[in-house]
1. Give the Rg (one decimal place) followed by the Dmax (whole number) of the range 183-224, computed from C-alpha coordinates and expressed in Å.
2. Considering Cα pairs under 8 angstrom that are at least six residues apart, work out the relative contact order of the range 44-161 and quote it in whole percent.
3. Compute the distance from the alpha-carbon center of the range 13-53 to that of the range 61-127, in whole Å.
4. Projected area of the range 99-142, taken from the Cα convex hull and averaged over every viewing direction, in nm²?
5. Using Cα pairs closer than 8 Å and at least 6 residues apart in sequence, work out the relative contact order for the range 1-64, in percent.
6. For the range 55-171, divide the Cα radius of gyration by the Kirkwood radius and give the resulting Rg/Rh value with two decimals.
7. At a 10 angstrom cut-off on C-beta neighbours, averaged per residue, how do the peptides 19-26, 150-157, 214-221 rank from highest to lowest?
8. Can you classify the range 42-98 as rounded, prolate or oblate using the Cα gyration tensor, where a ≥ b ≥ c are the square roots of its eigenvalues, rounded means a/c under 1.5, and otherwise it's prolate if a/b beats b/c and oblate if not?
Ligand code: CTP
Ligand code: CA
């Protein structure tokens, strides 16, 4: 039995994954968030662990559960917390897959008291969050770095742009074109774009199946 475990392709590899949304506080009771379920990232964590990897799954607030001896969940709330956790674990990892739907903007100031209902309109100044994926791309050494791209127009071009700009080895283009793909669904329609510009398009399938396709593709590429 031990021999079989030792033969798994990701045995002794450390995999870092980000998943889910981030919540950016407005005041003590309110936040800016998004509809990410975290499903894709949790499925990737399971697929990697099933191949023998030691997985650190940094997750924003989700309903997802994982019960796998090789998956260690690090819960976070905000983009800044996810950034800090990702940088804590990145150095020791061999593969990093950033699937989280990180907020691009956060409130410039967080009100210390609950904002009271007064004027008929309310404006909140927002500032950019740090780009976790780009920051890891800028410091990576041996790591195989994977990002996601959620696009609604010029899909391939935009995804290729992110691959290059963020110094990735692979980007997973998430197509929102098809019904049944995206945040709330059990399925995704993805295209893998590798650093060498190799493009692999997949049919609409379960997120669990997309996760296995992704892990298998990474195994092929790191072995090559
Ligand atoms: N990402 C990240 N940190 C951020 C924003 C995005 O790590 N602050 C990562 C996501 O996890 C994903 C990739 O960057 O792997 C691309 O995210 P996406 O939202 O598609 O692209 P952005 O670079 O944020 O650009 P835009 O939203 O303007 O298309
Ligand atoms: Ca974004």
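Every number here is computed from the coordinates shown, using simple stated rules; none is lab data. Treat the numbers as computed from the prediction; the structure is a model and nothing was measured. For neighbour counting, all protein chains shown are included, and Cβ atoms are generated from backbone atoms with ideal geometry for every residue, glycine included.
1. When restricted to Cα atoms, the range 183-224 yields Rg and Dmax of 11.2, 35 Å.
2. On the way: 115 pairs, mean separation 26.3, N = 118.
The value is 22 percent.
3. Centre-to-centre distance over Cα atoms comes out at 9 Å.
4. On the way: hull surface 19.8 nm².
Dividing the Cα hull surface by four gives the mean projection, 4.9 nm².
5. On the way: 106 pairs, mean separation 28.6, N = 64.
Dividing the mean separation by the residue count of the range 1-64 yields 45 percent.
6. Details: Rg = 17.1 Å, Rh = 16.4 Å.
Result: Rg/Rh = 1.04.
7. Working: 19-26: 23.6, 150-157: 12.6, 214-221: 19.1.
Highest to lowest by the protection proxy: 19-26, 214-221, 150-157.
8. On the way: a/c = 2.29, a/b = 1.23, b/c = 1.86.
Oblate, since a/c reaches 1.5 and b/c is not below a/b.
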